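Input: a single structure, listed below in structure tokens.
The values are calculated or read from the model by the stated rules, or taken from the named source; none is laboratory data. Computed from a predicted structure; not experimentally measured. We place every Cβ from the backbone using ideal geometry, glycine too, and count neighbours over all the protein chains shown. Ligands, DNA and RNA are excluded from the accessible area calculation, which covers all protein heavy atoms including side chains. Shrake-Rupley method; radii C 1.70, N 1.55, O 1.52, S 1.80 Å.
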Amino acid sequence: MSQIFSQSKIYRNINLFNVTEISEEQAHELFCRSRWGGFESVVCPFCGTVGRHYYKKHRRQWRCKGCHSIFSVTTETPLADRKLPFKKILVAMFLFVAAPKSESANKVHSMLGVTLRTIYILFGKLREALWEQRDTRPLAGIVHIDGGHFCGKPRRPRKRKGITSLAVNSRLRNRKASIVPPQRGVAIEPWNAIKLKNRRVVLVLRQMSSLPHAGASKTRIVIVKAETAANVLSAIRANVAPHTTIMTDDSQAYTRLGIWFDHHTVRHSAEYATYDGVNQNQAESYMARLRRAEYGVFHGMRRQYFALYAYEMAWREDIRQKSLQEKFTELLKTVMRCGLSKTFRGYNQGHRLQREHDGLPLTLD
């Protein structure tokens, strides 16, 4: 029987002991190599001067030869003005990449001996860096598309009224009648009607790999308020190249895709895949990972930062065939290439997003 890659020896080419055994100075050197490649070509983040600047070893800072500004390896990055030691940041980043369905800040903060908010903000900055550095080139080839409903969870009433939770949840989730037949007398309570306004749909688009039996290679996500034609058609046309082969379910939201693409559908009320191979299993694979993270790791999601969590799962899907060392190195380099955090900088001082995170320029209140 074939072995799952995440259980192989090749995958485990780095472990937690390798990270915890290094010194603080070695951790600092790792950050420097990830950002500049070493100490010979340090780049001033303010004026761009490259070279061996004046190094203050006891403070781990440089003074630029050009503009005489003082900077460190985390200046003008999401980790700017950090308080955590470099070693603890590396340990938190390793725990983040080693988890198959993300990691809970509520679990990690006690392991590192810091506050919950400290790890929550750090993990939030990691997710934001992944989002900011994501690939936005249009998908092509064969693309699997599906929509999943998240946030806005219904709350059961105090008394049982003969209405099953499945029926109420299906009504709130706007499930297709062909999959869950509607029941008479099912009404949405006022409190659940309010919760329903917080419901969001993650539209996932996954490009199939050109290699046989390799699954999907690229993943895109778009957050919409409802899985309707008005919302999904514009999102798909913006992220998929024309004349691409698209596979979806039989939802009416995707009916008009045949105008621009080679569109194939599978009727899930009857089958999971057609005899000629039409399916959307790669999109369902992403939904399974995000759903398990919602239920088993975070125990709920909120719409304001939902896009960051949704894209984190897309990133995990795309790097699932990489070793822990490759994942760890890629995350560290991604963070060091990114600028100041737009979402979590000043979080402890009360700065919050004025609107949901949707990829557009962010504003803080």
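Below is a table of values for the structure above.
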quantity	calculated
Surface share of carbon and sulfur [accessible, 1.4 angstrom probe, percent] for the range 47-167	51
Folded to 0 to 90 degrees: helix 306-318 orientation relative to the chain principal axis, Cα	80
The chain: angle of helix 86-98 to the longest principal axis, Cα-based, in degrees nearest 10	20
On Cα atoms only, tilt of 229-239 relative to the major axis of the chain in degrees	40
Dipole of the chain, positive end: most advanced residue of Val97, Ala241, Asn348 [Cβ charges, Cα centre]	Asn348
Ser6 accessible area, assembled protein chains, probe 1.4 Å, Å²	60
Label-point separation in nm, Arg117 to Phe17, each point 7 Å along Cα→Cβ	3.7
Pairwise label distance in nanometres, Cys67 with Glu24, each label 7 Å out on the Cα-Cβ vector	2.9
Descending semi-axes in whole angstrom, ellipsoid equivalent of the range 1-129, from the Cα gyration tensor	31, 18, 13
FRET efficiency, Ser41 to Arg155 (Cβ-Cβ, R0 51 Å, nearest 0.05)	0.35
Estimated 222 nm signal from helices in the chain, with DSSP H stretches of n ≥ 4 weighted -39500 (n - 2.57), rounded to 500	-10000 deg cm²/dmol
Net length gained if the chain between Ser210 and His243 were fully extended (0.36 nm per residue, minus Cα distance)	10.2 nm
Percent carbon-and-sulfur accessible area, the range 254-365, ignoring ligands, DNA and RNA, probe 1.4 Å	48
Full-stretch length increase - Leu84, Ala140 - with 0.36 nm per residue and alpha-carbon distance subtracted	15.9 nm
Distance from the range 303-353 to the range 1-76 (C-alpha centre basis), Å	18
Lys, Arg +1 and Asp, Glu -1 on Cβ, resulting dipole of the chain about Cα centre, debye, nearest 20	1460
Cβ-Cβ FRET estimate between Lys56 and Arg302, R0 fixed at 56 Å, reported to 0.05	0.85
Per-pair calculated FRET efficiency, R0 = 45 Å: Lys333 and Lys197 via Cβ, rounded to 0.05	0.70
Cα gyration tensor shape of the chain, rounded if a/c is under 1.5, else prolate or oblate by comparing a/b with b/c	prolate
Pairs of lysines in the range 18-123 (C-alpha under 23 Å apart; 8 or more residues apart or interchain)	12
Cross-link pairs beyond the 28 Å C-alpha cut-off, checked among Lys153/Lys333; Lys9/Lys333; Lys9/Lys218; Lys125/Lys327	Lys153/Lys333
Average accessible area per residue (Å²) across the chain - probe 1.4 Å, nucleic acids and ligands excluded	53
